[in-house]
Amino acid sequence: MLLSHYRRPLFLLLLAYAGTLLLFRGRLLEPEPLPFPLPRSGVPVVGRLTEYPAAAPGGVRFSLRTESVYGRPLEAGLMVYAAGSPGVSYGDTVELLADLSLPRGAESPGGLDWAEYLSGRGITAEARARELLTARPAGPLLRLARRFRESALAAFRKGLSGEAAAVFGGIVLGEKRSVPAELKAAFQDSGAMHLLVASGSNVGFVVAVVYFLCSRLGLGRRRAGLAALALAGFYVLAAGLDAPLVRAYLMFSAGLLACLLRRESGTFQALCAAALLILLADPRSLFAAGFQMSFLAAYGLTVGMAAWGRHLEAGGPALSLPAVSFFAQLCLYPLLAVYFHRVSMVSLLSNLVLVPASGVAMGLGFGLALSGGMVFMALAWTGGVFMAAFLWLVRFFAGLPFAAVSVPEPSPLAVGGALALALTVLHAPLLGFRRPRFYAAGAAAAALFLAGLFTGGREASRGTAVSLFGDRETSCALVSLPSGLYLVNPGLSGPKLAAAVLTLGASGLEGVILTSLERRNYSGLKALAGKVRIKSVLLPPGPRPPSLRAALAGAEAAGAGVRVLWPGEEAAGAAPDWDGRGRGYTGRDESYSWRIGPVRLSGGGGLAEWDCGGRRAELKTERGKVVTGGIGEAGDGCGG
């Protein structure tokens, strides 16, 4: 690996194309709109499934690329929800009578914006299928790949417990949607979430096994290589053509083609070619987290091992194996902060054990999928024992003190600085440890990163800003002031509330405030306190039910101060009165109003009023939905 690799035409072409997509994203990648307003019922649609169906409440869901709507040619993306098991799958062309509607947006700050997510995939609307028929089945090769996938997942469910079957589905086929949320969190905290995504290691496993078997059968090098690539391509179809799989398959194909043509093949060149081909086929992939993380991991591993190779050889496997894990994850840390607001601190250690173990799991999984009879029973028993130990290790690493830390969403400057630092480390041997340019690059990257950290979160420059959200039971509010961030009524799930705080760029809360002592207003407090720092919990007087006492004890154990306030008192920048009905306050059927800086919250947290440059700003929610909007923008110090 030389610095001159970055002057090669293929890399420059990739850079130019990606830059064009980035600059003109709005014009080039805007989803095709439907030529009529929504919602609309009973719309006849014909289209092709572009992914394997996933389980959804009451049935399945899948993305569809339309061929015609109302009998007229139209290409648009739909997310289809079908009741029951309609018997269709990836690649089938279907006819359906659908009720079309616009997808929902984010239900809370930092929550999944479903409409934005679908738009990034080129999907315009949601469709609930009334009737669904197969108009044209997929081709024979894809049908065969589908049968292999379905039989493999069925074999896992038959021979293994629910958790073990779900994890085998993730490791072997990338089907992680049935993995329980608690177990996904453990994989994330242990730094092993990537093992539940079918990726380059899966393709490499298939290629290596098939090549070895073909060689043993006496096939020549070329025939063995072609057979390996053919079966690896079949596997990629069965696993769903996800970006990490396609990237790995294209890289292996480029390497084999170069070998057959007797040309010198470079891994860096193959990586650039794979990225360019994927972006040409689907330009929206550039903005998908899976594509970004897959290619950054492969890039870090490719460049790091090439640049540091001779320095690592002296240390042998004891140095090379940790280096592989380090280089693969070095560029991912900023993206983990952006997309998940949580970074594993034990990933370098855990992956030394879990990555080799996942290779064993892959072998057992393929054995289960392809065997039967007594062999299947023996493999199922072995797989169950192995997976119990594997999951114990995952939970062990996730349970270590400070295994993972929650981090606020970094600013663009901080992300750029972190990536620049990673690039400096990767290229250190090429820059020269004794040359000024190495230290200049490191100093510039560190300065950029520190500047990003000290610019604060994205709410820091907004002055007064209020966000109201919630559900049918609870009205929540986030109040951002120059003095800090306040959360009113932590009645949603703790992880959802933590995501709201971290997305605003805050590492903690100045205060958590309850408008009443009803469970609906504090049910997420204990879990929230375990994920973000809380300085103070302020609540009205009244009898505390056992669940509230437990929640407050959890918050106090995490370092929060708890204080009861009566009207006329003030603490942590907040002062209460109550929404009285002339009967006094009991803590049960009346709610406090709170004044937090210039913002007054009333109506159980469902109404916010504040002064905005001499004008009155107001936000109001009903059943968790905002029904009146605020005035002003971030630029004039007010926001809604």
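The values are calculated or read from the model by the stated rules, or taken from the named source; none is laboratory data. These numbers come from a predicted model, not from an experiment. Positions of Cβ are generated from backbone atoms using ideal geometry, with glycine treated the same way; all protein chains shown enter the neighbour counts. Surface areas here come from the heavy atoms of the whole protein model, side chains and all, with no ligands, DNA or RNA. Shrake-Rupley method; radii C 1.70, N 1.55, O 1.52, S 1.80 Å.
For the reader, a short list of remarks on this structure follows.
- Estimated at 0.36 nm per residue, the fully extended path between Phe396 and Arg435 surpasses their Cα-Cα distance by 9.7 nm.
- P(r), alpha carbons of the range 267-409 - 5 Å bins starting at zero, rounded %: 2, 8, 13, 14, 16, 16, 15, 10, 5, 1, 0
- Cross-link reach list, lysines versus Lys158, counting only Cα pairs under 19 Å and skipping chain neighbours closer than eight places: Lys176
- Residues whose amide H lies under 5 Å from that of Ser591, counting only those 5 or more places away or on a different chain, are Asp579; hydrogens are built 1.01 Å from N in the peptide plane.
- For Ala551, the shell of other residues with beta-carbons less than 12 Å away shows a net charge of +3, using +1 for Lys and Arg and -1 for Asp and Glu.
- The chain: antiparallel DSSP beta bridges as a percent of all, rounded to 5: 80 percent
- Amide proton proximity set for Ile513, modelled H, under 5 Å, gap of 5+: Leu487, Val488, Asn489, Leu538
- Using a simple spin-label model with pseudo-atoms 7 Å out from Cα toward Cβ, Ala550 and Arg563 lie 2.8 nm apart.
- Accessible surface of the chain, 1.4 Å probe, proportion on carbon and sulfur as whole %: 61 percent
- Mean accessible surface per residue for the chain, computed with a 1.4 Å probe while every protein chain stays in place, in Å²: 47 Å²
- Using a cutoff of 8 angstrom between alpha carbon atoms and counting only pairs six or more residues apart, the relative contact order for the range 119-208 works out to 19 percent.
- Taking the helices alone, the chain has a mean residue ellipticity at 222 nm of -15000 deg cm²/dmol, built from -39,500 (n - 2.57) per DSSP H run of at least 4 residues and averaged over all its residues.
- The listed residues Phe454, Phe438, once ranked by accessible area (1.4 Å probe) with the largest placed first, stand as Phe454, Phe438.
- Label-to-label distance, nm, for residues given as Phe24 and Val405 (7 Å Cα→Cβ offset): 4.3 nm
- Within the range 181-203, backbone nitrogen closer than 12 Å to the virtual label 7 Å beyond the Cα of Ser493 toward Cβ: 181-185
- Extension reserve of the Arg519-Glu163 stretch, reckoned as 0.36 nm per residue once the Cα distance is removed: 125.0 nm
- Computing percent of Cα pairs over 40 Å apart for the structure here picks out one of (1) 55; (2) 44; (3) 39, namely (3).
- For the pair Met345 and Ala55, the difference between a 0.36 nm per residue extended length and the Cα-Cα distance amounts to 101.1 nm.
- Area accessible to solvent at His427, 1.4 Å probe radius, in Å²: 20 Å²
- Phe205 accessible area, 1.4 Å probe, all protein chains in place, Å² to nearest 10: 60 Å²
- Rounded to whole numbers, the Karplus 3J(HN,Hα) couplings from phi for the range 86-97 are x, x, 10, 8, 3, x, 6, 9, 10, 10, 8, 9 Hz, using 6.51 cos²θ - 1.76 cosθ + 1.60 with θ = phi - 60°, and x at Gly and Pro.
- Per-residue SASA entry for Tyr17, accessible area with 1.4 Å probe, Å² rounded to 10: 60 Å²
- Within-13-Å neighbourhood charge of Ile278 [Cβ basis; K, R +1; D, E -1]: 0
- Whole-number percent relative contact order across the chain, with pairs defined as alpha carbons under 8 Å at least 6 apart: 10 percent
- Equivalent ellipsoid semi-axes - Cα gyration tensor, the range 99-142, angstrom: 29, 15, 8
- Inter-label distance, nm, simple model (7 Å from Cα along the C-beta direction), Ala389/Ala208: 1.9 nm
- Peptides ranked, highest mean first, by Cβ atoms within 10 Å: ranges 194-203, 135-144: 194-203, 135-144
- Phi-derived couplings, Karplus 6.51 cos²θ - 1.76 cosθ + 1.60 at θ = phi - 60°, listed residue by residue for the range 347-358: 4, 5, 6, 5, 5, 4, 9, 6, 5, x, 5, 5 Hz, with x used for Gly and Pro.
- Between helix 140-159 and the chain: long-axis angle, C-alpha atoms, 0 to 90°, nearest 10: 60 degrees
- Once the C-beta distance of Glu131 and Ala185 is scaled by a Förster radius of 35 Å, the resulting FRET efficiency is 0.35 to the nearest 0.05.
- Volume in Å³ per residue [convex hull over Cα atoms, computed for the range 91-217]: 189 Å³
- Phi-based couplings in Hz for the range 67-76 (Karplus 6.51, -1.76, 1.60; Gly and Pro marked x): 9, 8, 9, 6, x, 10, x, 7, 9, 8
- From most to least packed by mean Cβ count within 10 Å, the peptides 227-235, 592-600 give 592-600, 227-235.
- If the convex hull is drawn through the Cα atoms of the range 335-426, its volume per residue in Å³: 124 Å³
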